[in-house]
Amino acid sequence: MSETTNTNEEKKKPPLNGRRALPSNNSNDEENEVPEMEAFGLIPRGFNPKDYLRVVDIHMFKEPHEINKQQHHTDKYYSPKLIVRRGQPFQIQIDFNRPYKPETDQFWLEYLIGRYPQQNKGTYIPILVGHVLKPGEWGAKITHKENNSVRLSIMSSATCIVGKFRLYVAVWTPFGILRTHRNSATDTYILFNPWCQQDAVYLDDEKEREEYVLNDVGIVFHGNINDIKLRSWSYGQFEENILDACLFLMDKAELELSGRGNPIKICRVASAVINSRDDNGVIAGSWDNTYTYGVAPSAWTGSVDILLEYYSSKQPVRYGQCWVFAGVFNTFLRCLGIPARLITNYSSAHDNNANLQLDFFLDNEGKVDTKLTKDSVWNYHCWNEAWMTRPDLPVGFGGWQVVDATPQETSDGMYRCGPASVQAIKHGHVCFQFDAPFVYAEVNSDIVYQRREKNGAQVIEKIDTSHIGQLIVTKEVGSEGMMEITEEYKFQEGSQEERLALETAVMYGIKKQTTQDTMYQPQTDVDMEFQVQKAVLGSDFKVTITFRNKSRNYYTATTYLSGNIVFYTGVTKNEFKKHSFSAKLEPFSSSAFDVLIKSSEYLSDLLDQASFHFFVTARINETGKILATQKATVLEIPALRIK
């Protein structure tokens, strides 16, 4: 029997290719053998490990009422193991066989994760005991010595991998390194930390952290715009085995362990693995009202049963629809410590061919031709927002990001969607990854009704610009009410700004689509530039928008400027300036337009180390073409001269 299992093990190992020294390290569950005695060379005959410092016991202070789980907001997790958040110190105590003598004894800690731990990948972390802890970096210091025991304060890196680490204590002897044996009781889970300023998911409002990380129940809004219904949903992110089930999802998605400190990567792979399309993920969707051999989507009341069933069976759980995918995704995000909320969009568009409009084809009688029409409008659609910085994008696009696990369209070859910056969607800057054009279309596309004439010509009957994305809502912070967030996604329906953002989105969105018969032709004979005068705290400053008309044509440009205050992390706080104007552009000439930014407009919202993020969008009215730009600028603090 043992032989057959052995060959099975052999078969499972991926073949090594010539480019990789080590097989991929993408399972938190697998382990490697760690030697308890790592000899430096030949060991002399008289060597007795018992003569040296030896670890007798390790106390993890891992009970819900003890210091670690209390300080790290992890006391709600139903788990006997230590769970801490990254970038924040925690305590352990080591009992030795005799008092520790720093002059002659040397010991250190080792945290390991996965099957092939490597220091440069962050999967093997040796920690020497020092005198000070640097914030947000791995380190340890002794806070207390008594008899044979030492008390340590340990700091984890604010960017470290999120998952379950194994702990070893290593002691140096002249002949080799002695290690503690493998003890699963000292395993330590490290999670994202929205309370830590250096963490990419830092959220600065305690009420919001309590709602978006620690609240384990929520409300899903559904029905339709004229008849809003609600159902409660139990997220259950702290229930027994749910944390392990969520870590298993990342193993299932084969996300490299070294990428698991990055919330952008985690959200993207999770949006794929929560649906069963193309990777046998958590939930199988069904929209045809036949739910044989499964549970009807409306019968689920929470995420726990679904995640635990998947964790044990490893087979897709039947069946889900959008709110089920979103409910389970919310559990996953909150469980790992990423702030998250469930969103409902009423009259949600499903743009099948990414042209940012819904094409409804009518037959001769004026009815919608269902064979030709591939785009659709859902009464409502649910997705999630996750809170994080976006260092991969220009400043200003951090904060809430749309992620959606409902399988609608493929993205880079898999059914997944996001993360897409809500701020980028509002302004139509859908060139910024991931899947922003699709999400833009869900909340703000136009419905174009077209009819084919007898001679084959397409005739546009009407364009409905206000039907899609009529209302976007989420649960209120700290109460059961409904909070409208339509304004986060789009300007007032029908306003100049909203139309300009839509046209900007179409310009950026269609550039990507090379399959279109009509390729987007940009406006090449007008340049738009944008300068910000040096902005000094407390004084007014101006921004200048310059158009260079290189043609012999006379143009007018409808122009819109939006000014936003941004945290130093790149997350937008709010819009403090809106200004629209019409610019006349003479042939073969440059025209400059100044917009004054008064200190009274920005001072009340100011943050320390803040910067400004401006969007400028212009439409050349004669051609309908869009010019768009965005730029961040830092506020200078006036120098203080003390005489």
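The values are calculated or read from the model by the stated rules, or taken from the named source; none is laboratory data. No experiment lies behind these values; they were computed from the predicted model shown. Methodologically, a virtual Cβ is constructed for each residue, glycine included, from the backbone with ideal geometry; neighbour enumeration extends over all protein chains shown. Quick note on the areas: whole protein, heavy atoms, side chains included, nothing else; ligands and nucleic acids left out. Shrake-Rupley method; radii C 1.70, N 1.55, O 1.52, S 1.80 Å.
Compared with the dominant Cα axis of the chain, that is its longest principal axis, helix 322-336 is turned about 40°.
List the relative contact order of the stretch 426-550 as a percent without decimals, with contacts defined as Cα pairs under 8 Å and 6+ residues apart.
On the way: 149 pairs, mean separation 27.1, N = 125.
Relative CO of the stretch 426-550 lands at 22 percent.
In this simple spin-label approximation, LEU606 and SER479 carry label points 7 Å from Cα along the Cα→Cβ vector, and these lie 3.3 nm apart.
How tilted is helix 496-512 with respect to the longest principal axis of the chain? Cα atoms for both, answer in degrees (0 to 90, nearest 10). Long axis of 496-512 versus the principal axis of the chain: about 70 degrees.
Could you tally the net charge around GLU63, taking each other residue with its Cβ under 14 Å from the Cβ of GLU63, Lys/Arg +1 and Asp/Glu -1?
Values: positive: LYS62, LYS69, LYS76, LYS81; negative: GLU66, ASP75.
Surrounding charge for GLU63 is +2.
So what is the 222 nm mean residue ellipticity for the chain from helices alone, if each DSSP H run of at least 4 adds -39500 (n - 2.57) and you divide by all residues, rounding to the nearest 500 deg cm²/dmol? Each step should come with its number before you reach the end.
Numbers: 12 runs with 107 residues, N = 643.
Estimated from H runs of four or more residues: -4500 deg cm²/dmol.
Accessible area per residue for the stretch 206-508 is 37 Å², calculated with a 1.4 Å probe on protein heavy atoms, without ligands, DNA or RNA. Residue ranges 309-320, 391-402 sort as 391-402, 309-320 when ordered by packing (mean number of other C-beta atoms within 10 Å per residue, highest first). Cross-link partners of LYS145 among aspartates and glutamates, defined as those whose alpha carbon lies under 17 angstrom from its own and excluding same-chain residues fewer than eight positions apart: ASP57, ASP95, GLU103, ASP105.
Share of antiparallel DSSP beta bridges in the chain, in percent to the nearest 5? Antiparallel: roughly 85 percent of the beta bridges in the chain. Calculated FRET efficiency, ASP464 to THR524, Cβ-Cβ distance, R0 = 30 Å: about 0.40 to the nearest 0.05. Helix 242-252 axis versus longest C-alpha principal axis of the chain: approximately 70°, rounded to the nearest ten.
Near LYS252: Cβ cut-off under 10 Å, other residues only, Lys/Arg at +1 and Asp/Glu at -1. The net charge is -2. Report note on the peptides 263-276, 592-605, 492-505: ranked by the mean count of other C-beta atoms within 10 Å, highest first, their order is 263-276, 492-505, 592-605. With each label modelled as a point 7 angstrom along the Cα→C-beta vector, the SER495-GLU31 pair spans 5.8 nm. Classification of the stretch 327-482 by its C-alpha gyration tensor yields a prolate form. The axis ratio a/c (a ≥ b ≥ c) is 1.5 or more, and a/b outweighs b/c. To put it simply, the accessible area of the stretch 344-426 at a 1.4 Å probe is 49 percent carbon and sulfur. Rounded to the nearest Å, what's the spacing between the alpha carbon centres of the stretch 564-622 and the stretch 246-301? Just the number, please. Using only Cα atoms, the two centres lie 41 Å from each other. Computed over the alpha-carbon atoms, the stretch 526-634 gives an Rg to Rh ratio of 1.02, Rh here being the Kirkwood radius from the mean inverse distance.
Cross-link pairs exceeding 23 Å between alpha carbons, from the set LYS69/LYS141; LYS81/LYS121; LYS62/LYS164: LYS81/LYS121.
Net charge in the neighbourhood of ARG499 (other residues with Cβ under 11 Å of its Cβ; Lys, Arg +1, Asp, Glu -1) is -3.
How high is the relative contact order of the chain? Use alpha-carbon pairs under 8 Å, at least six apart in sequence, and give a whole percent. Reported relative contact order: 9 percent. Rounded, prolate or oblate: which fits the stretch 128-277 when a ≥ b ≥ c are the square roots of the eigenvalues of the alpha-carbon gyration tensor, with rounded for a/c under 1.5 and prolate only if a/b beats b/c? Note, shape of the stretch 128-277 comes out prolate.
Surface composition of the stretch 526-634: carbon plus sulfur atoms hold 48% of the accessible area, using a 1.4 angstrom probe and ignoring ligands, DNA and RNA.
In square angstrom, what is the accessible area per residue of the stretch 526-634 with a 1.4 angstrom probe? Walk me through the numbers on the way to the answer.
Numbers: 4890 Å² over 109 residues.
For the stretch 526-634, the solvent-accessible area averages 45 Å² per residue.
Under the shape rule built on the C-alpha gyration tensor, where the axes satisfy a ≥ b ≥ c, the stretch 438-582 is oblate, since a/c reaches at least 1.5 while a/b does not exceed b/c. When both the stretch 24-75 and the stretch 91-170 are represented by their alpha-carbon centers, they are found 9 Å apart.
Compare the peptides 357-363, 539-545 by average per-residue count of other Cβ atoms within 10 angstrom and give them in order, highest first. Numbers along the way, then the final one.
Details: 357-363: 19.0, 539-545: 16.6.
Result, highest mean first: 357-363, 539-545.
Report relative contact order for the stretch 99-222 in percent, whole number only (criteria: Cα-Cα under 8 Å, sequence separation at least 6).
Details: 193 pairs, mean separation 23.8, N = 124.
In percent, rounded to a whole number, it is 19.
Take GLN315, project a point 7 Å from its Cα along the Cβ direction, then tell me which residues of the stretch 264-296 have their backbone nitrogen under 12 Å from it. Answer for the stretch 264-296: 293-294. Bridges between two residues of the stretch 206-508, per DSSP, are antiparallel at a rate of about 80%. A value for volume of the Cα convex hull per residue in Å³ was derived from the coordinates, and within the list (1) 196; (2) 429; (3) 236 it appears as (3).
What part of the accessible area of the stretch 137-195, given as a whole %, is carbon or sulfur when the probe is 1.4 angstrom? Show your work: numbers first, answer last.
On the way: 950 of 1950 Å².
Its accessible area is 49 percent carbon and sulfur atoms.
Per 0.36 nm of contour for each residue apart, how much would the distance between TRP287 and GLU146 grow if the chain were fully extended, relative to their Cα-Cα spacing? Provide the component values of the computation, followed by the final result.
Working: separation 141, 0.36 × 141 = 50.76 nm, distance 6.46 nm.
Length difference between fully extended and current span is 44.3 nm.
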